[in-house]
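Chemist: One structure, as structure tokens, below. Some questions next.
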Amino acid sequence: MVTTFLISLGIMSAISLVLALLMVIADATIGNYGDVNITINDDKELTVRGGQPLLKALNGEGVFIPSACGGRGSCGLCKVKVTEGGGQYLPTELPWISEEEKKEHVRLSCQFKVKNDISIEIPEELFKVKQFRAKVESLKDLTHDIKEVRLALIDPPEIEMTAGQFIQFQVPEYELTDEPVYRAYSMASVPSDTKHVELEIRLVPNGVCTTYVHKYLKEGDTVELNGPYGDFYLRDTDRPIICIAGGSGMAPIKSILLDLASKGSKRKAQYFFGARTKKDLFLLEEMQELEKQLPGFSFLPALSEPLEEDQWKGEIGLITDVVARLGEDGAEAEAYLCGSPGMIDACVKVLTSLGLPEERIYYDKFA
């Protein structure tokens, strides 16, 4: 019996070895697409190694496509129009592509692999996105799970951004990733400070980037980032503003408010910030200082699940309920929201019920 078992085990091991060898050979031959050409906007041509995702191929050539999830196919942000050579859609693309986008040949660049010559179209402003090298100037714990990261730009030494936009932060190879990866984070810094970028990064269990930032990143480290990206930014109007955020969604709203203060704006603004308990609140003193600098600004934090020891005297309830109670007439206002998709959708319903037209509700969703 033992001899028979050992012979069977040896045969199975040999078969597994042969199959593994065949997969290696197939990957080196069938999967070897050689060099392929990418034509961008009928103007720029790149030659890249075939077989890699379009997102990665473009990034390698200094053309940066925004991707909040770092190319995992979970955010749907890295859409690119492939006008020639696109082929069939992959199942991993379809959840993010509408029927109308299919007609326009829009593809999810992190899932679409470049296997032959293709032509694509991207917004011209993406050519203005730059890769930056920066030094970690300071790290500060804002809450038990949110860390402020302040970066001093080295090369290039300055960034031109608009309040509300985001960058992509590069995490180097370490124990949770075998290659450098990017993650998107909104900038919390004031646009007038062109030499620094400030981020507010919440720790996500087993998150590749957040774990690195919270457990491994040190002051004095050199990091890479690129940007700026995004159409979530402060519009240049005189309309009253309603801001709503929770957690690390504070970052772009803080940038917007700092921008208003730096310009001496007299725009009226309400900022509703939601948290679970008192330990999840942060930057209260900074918000109170902004109330002094901006005569038309009011900060309204609310706790959804305050603890007895919090001794909370402020607003209680879901932030949407607080907005419904205290939000002003939205007919002439515009709104800026940052938070989870569920929170954003709920806030849009409340704001439209207050008379705010949906086309004047701007938001930045994150998972």
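Every read-out reported here was derived from the displayed coordinates using simple, explicitly stated rules and does not represent laboratory data. Everything numeric here is computed off the predicted structure, so don't read it as measured data. Virtual Cβ from ideal backbone geometry, glycine too; neighbours counted across all protein chains shown.
Chemist: Taking H as built 1.01 Å from N, whose amide H comes closer than 5 Å to the amide H of Ser189, not counting residues under 5 places away?
Modeler: When sequence neighbours closer than 5 places are left aside, the close amide H contacts are Glu198.
Chemist: Taking 0.36 nm per intervening residue step and subtracting the Cα-Cα distance, what contour gain separates Tyr174 from Thr47 on full extension?
Modeler: 42.8 nm
Chemist: Simple spin-label model, 7 Å along Cα-to-Cβ: Thr83 to Asn37 in nm?
Modeler: It works out to 1.5 nm between the two label points.
Chemist: Which are the unpartnered cysteines of the chain, meaning those with no other cysteine Cβ under 4.7 Å from their Cβ?
Modeler: Cys78, Cys110, Cys209, Cys243, Cys338, Cys347
Chemist: I need the calculated FRET efficiency for the pair Leu203 and Leu94, taking r as the beta carbon distance and R₀ as 30 Å, to the nearest 0.05.
Modeler: That gives a FRET efficiency of 0.40.
Chemist: Apply the Karplus parameterisation 6.51 cos²θ - 1.76 cosθ + 1.60, with θ equal to phi minus 60°, to every residue of the stretch 234-251 and state each ³J(HN,Hα) to the nearest whole Hz, in sequence, with x for glycine and proline.
Modeler: 5, 6, 8, 9, 10, 5, x, 10, 10, 10, 9, 7, x, x, 6, x, 4, 3
Chemist: Given springs between every Cα pair under 10 Å in a Gaussian network model of the chain, which of Gly230, Gly264, Gly247 has the largest fluctuation?
Modeler: Comparing Gly230, Gly264, Gly247 in a Gaussian network model of the chain, the most mobile one is Gly264.
Chemist: Cut-off under 16 Å on the C-alpha distance; same-chain residues fewer than 8 positions from Lys292 excluded. Which lysines are left, in chain and number order?
Modeler: Qualifying lysines at Cα under 16 Å: Lys254, Lys263, Lys266, Lys268.
Chemist: May I pose another question? Would you mind classifying the stretch 129-229 by shape? Square roots of the alpha carbon gyration tensor eigenvalues, ordered a ≥ b ≥ c; an a/c under 1.5 is rounded, otherwise it is prolate if a/b is larger than b/c and oblate if not.
Modeler: Verdict is prolate for the stretch 129-229.
Chemist: Continuing with this model, one more query. Taking θ = phi - 60°, what integer Hz values does the Karplus form 6.51 cos²θ - 1.76 cosθ + 1.60 yield along the stretch 179-196, in sequence order, with x for Gly and Pro?
Modeler: Coupling constants for the stretch 179-196: 8, x, 9, 10, 9, 8, 9, 5, 8, 9, 7, 6, x, 5, 8, 7, 9, 10 Hz.
Chemist: The stretch 175-269: which GluC sites (Glu not before Pro) are DSSP loop and have at most 16 other beta-carbon atoms within 10 angstrom?
Modeler: For GluC sites (Glu not before Pro) across the stretch 175-269 that sit outside H, G, I, E and B with at most 16 neighbouring Cβ atoms in 10 Å, the list reads Glu175, Glu219.
Chemist: Starting at the first residue of the stretch 224-229, write each ³J(HN,Hα) from the Karplus equation 6.51 cos²θ - 1.76 cosθ + 1.60 with θ = phi - 60°, in whole Hz, x for Gly and Pro.
Modeler: Each residue of the stretch 224-229 in turn: 10, 8, 9, x, x, 10 Hz.
Chemist: In terms of modelled amide H atoms, which long-range or inter-chain residues lie less than 5 Å from the amide H of Leu142?
Modeler: For Leu142, the qualifying residues are Lys147, Glu148.
Chemist: State the percent of C-alpha pairs, over all pairs in the chain, separated by a distance greater than 31 angstrom.
Modeler: 45
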